[in-house]
1. Show me, for the stretch 45-54, the HN-Hα J-couplings you get by feeding each phi into the Karplus relation (A = 6.51, B = -1.76, C = 1.60, θ = phi - 60°), rounded to Hz, glycine and proline as x.
2. Karplus couplings for the stretch 121-129 from phi (6.51 cos²θ - 1.76 cosθ + 1.60, θ = phi - 60°), rounded to Hz, Gly and Pro as x?
3. Relative to the Cα centre, what is the charge dipole magnitude of the stretch 27-83, using +1 at the beta carbon of each Lys and Arg, -1 at the beta carbon of each Asp and Glu, and rounding to the nearest 20 debye?
4. Taking the stretch 1-58, how much of its Cα-Cα pair set, in percent, is spaced more than 12 angstrom apart?
5. Along the charge dipole of the stretch 1-125, Cβ charges K/R +1 and D/E -1, which of VAL31, ALA66, MET16 sits furthest on the positive end?
6. Output the pairs from LYS27/LYS137; LYS13/LYS137; LYS42/LYS83 with a Cα-Cα distance over 28 Å in this structure; if there are none, say none.
7. Applying the Karplus parametrisation 6.51 cos²θ - 1.76 cosθ + 1.60 with θ = phi - 60° to the phi angles of the stretch 130-135, what ³J(HN,Hα) value in whole Hz is obtained for each residue in order, glycine and proline being reported as x?
8. Taking H placed 1.01 Å from N in the peptide plane, check which residues at least 5 places from TYR30 or on another chain put their amide H under 5 Å from its amide H.
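Each value in this text was obtained by applying a stated rule to the coordinates, not by laboratory testing. Note that this is a predicted model, so its numbers are computed, not measured. We place every Cβ from the backbone using ideal geometry, glycine too, and count neighbours over all the protein chains shown.
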Amino acid sequence: MHEMYDRFAAEAKEIMGVSYAEAEEWKHDYVGTEHLLLALLKVRGTTVYRFLEEQGVTYAKVYAEAERLVGKGERPLPTDDLKPPPELKRIIILAHDAAQQYGHHLIGPEHLLLGLMEEGNSEVVPILNRLGVDRSKLGQLLSQTQSKSSSRRLHRWGGSEERKAKTFEFGRNLVEEARAGRLDPVLGREKEI
C-alpha cells in the first residue's frame, strides 16, 4: 500500500490528508469513503473539483447526504489513531489500476474519484448516483487527460527517433561503449581501489 502512496500526485496526497482531517472533524474512528469524497470537494482547483462542480455536486450537498447516511461520531480521535477501512484500501487499489489503465504514471484525484465510483460497498456511491454524477463523463475526462499528457510528452521530447538523435548529438551511449569494451572499469572508483 505504501508503494502506491508514493505514486500519488501532490494533489492526491493533499486530498488524502484532508480526508483524514474530515474524519477527525466528524469524530469518526475511521477514514471512510464519505471523508474522501468531501475532501475531493474541499480541495479546489483540481480537475475533479471542476468536474463535480459541473455535475452540480457541492460540498454542502454531500455533507448533508453523508450526515443523513452515516451521522457524526461521539468523540474525536487524533488523526494518527484513525484507520482506513477495507473499502478505502480497495479504492486506492482501484485508483492505482485506473491510473495504469489510462497510461498515467501518477495517481491523481480523478483516479480516486473513479475508485470511489467503482467500489461497490461504498457509502458514497448512492450519494453520487442521487446527485446525478455520470461515470461515463468521468471516463471521458480521464481519456482527455491521457491524450493531453501523452501529446505534451511527445511534443516536449519528440518521437523516439528524434529523442535518440538528440541523445547522440549531445551525449554518448555508454551501454554501447561498455559492450564494445571501450570504457575503463576503474573510472570513478578511485576510493574503492
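1. These are the phi-based 3J(HN,Hα) values: x, 7, 4, 5, 4, 5, 4, 5, 4, 5 Hz.
2. Those phi angles translate into 9, 7, 5, 8, 4, x, 5, 5, 5 Hz.
3. In total the dipole reaches around 120 debye.
4. 66 percent
5. ALA66
6. Check vs 28 Å cut-off fails for LYS27/LYS137.
7. Per-residue couplings from phi come out as 4, 7, x, 5, 9, 4 Hz.
8. LYS83
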